[in-house]
Amino acid sequence: MSSLKAQFITLEGIEGAGKSTQKEALCRLLDANRVPYIETREPGGTPYAESIRELLLSHSDDAPSAKTELLLMFAARAQHLKTKILPALEAGTWVICDRFTDATYAYQGGGRELPLDWIETLETLVQGAKRPDLTLIFDVPVALGLGRAGRRGALDRIESEDLAFFERVRAMYQQIASREADRVVMLDASSDVESVTESMISLLMTRWNLSCRPG
């Protein structure tokens, strides 16, 4: 087992980037090395935050404005942090989270084109100095990602946005990776699943000094 303090790891990327599949591979790696962890997601992760998720993602004649969407994202995050993420980390349990605040910068800042200083202010209010220890961004061309996502079934409200929206989202993720290279690793997710998994596992085993590969 790794001697590292409990790590807060987030996975990011546009629709169809393969986050869910790679999260499963990451969890198998932690299992192989007997690392205690929980899995969670955003928006959501707790009963109260999951209720907010439903408001955010469901199709409705009374869809939230971009500003409302942003505030709801951080309302869910505040609850998620207080009741699930921070207690787990304090207990020595790693946290694997599907999306976090980088998604807000990408989707509400990039996609919705809201001012980034609004997001920065809310980030400080809700999180204080807390940031992920490691963020994996799975990068894929928008057309390829949306094609994959469309084969999964019905799209939610945000997944139903147009191509230009997701191009802005992807561009913001790339900007985040460029300016925060110590925390963020961007992986090319356009190739086959096995190749992406192998790249990720090799990187993480070296980064965390793990000895056991997943079976």
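The values are calculated or read from the model by the stated rules, or taken from the named source; none is laboratory data. Given the structure is predicted, the values throughout are model-derived calculations rather than measurements. Cβ: placed from backbone, ideal geometry, glycine included. Neighbour counts: every protein chain shown.
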Against the condition within 18 Å of the chain's Cα centre (by Cα), of a type in the set (Asp, Glu) and at pLDDT 95 or above, how does Glu159 come out, does it pass? no
Expected output for the range 148-162 (first residue under 15 Å from Ser58 (Cβ atoms) and touching a residue at least 12 places away in the same chain (Cβ under 8 Å), partner of a type in the set (Asp, Glu) and in a loop (DSSP other than H, G, I, E, B), Cβ below 6 Å, 6+ apart or cross-chain) is Glu159/Glu15
Residue pairs meeting the criteria (Cβ under 9 Å; at least 6 apart or on separate chains; first loosely packed, with under 12 Cβ neighbours inside 10 Å, in the range 119-135; second part of a helix (DSSP H, G or I) and of a type outside the set (A, V, I, L, M, F, W, C)): none
Return the residues of the range 52-97 that are among the basic types (Lys, Arg) and either within 16 Å of Arg112 (Cβ to Cβ) or within 17 Å of the chain's Cα centre (by Cα) (or both); say none if nothing qualifies. Arg53, Lys67, Arg77, Lys84
Could you please let me know if Leu4 is surrounded by 15 or more Cβ atoms within 10 Å (Cβ to Cβ), over 16 Å from the mean Cα position of the chain (by Cα) and either at pLDDT 95 or above or at negative phi (or both)? no
Among (1) in a helix (DSSP H, G or I); (2) free of Cβ contacts under 8 Å to residues at least 60 places away in the same chain; (3) of a type in the set (A, V, I, L, M), the one test that Ile176 misses: (2)
Under the condition of being among the hydrophobic types (A, V, I, L, M, F, W, C) and touching a strand residue (DSSP E or B) at 6+ places or on another chain (Cβ under 7 Å), which residue from the range 107-143 is farthest from Met172 (Cα to Cα)? Leu134
If I filter the range 153-175 for residues that are under 19 Å from Lys23 (Cα atoms) and of a type in the set (A, V, I, L, M, F, W, C), do I get at least one hit? no
Select from the range 46-105 the residues that are assigned to a helix (DSSP H, G or I) and small (Gly, Ala, Ser) and write down the one among them that is surrounded by the most Cβ atoms within 10 Å (Cβ to Cβ). Ala103
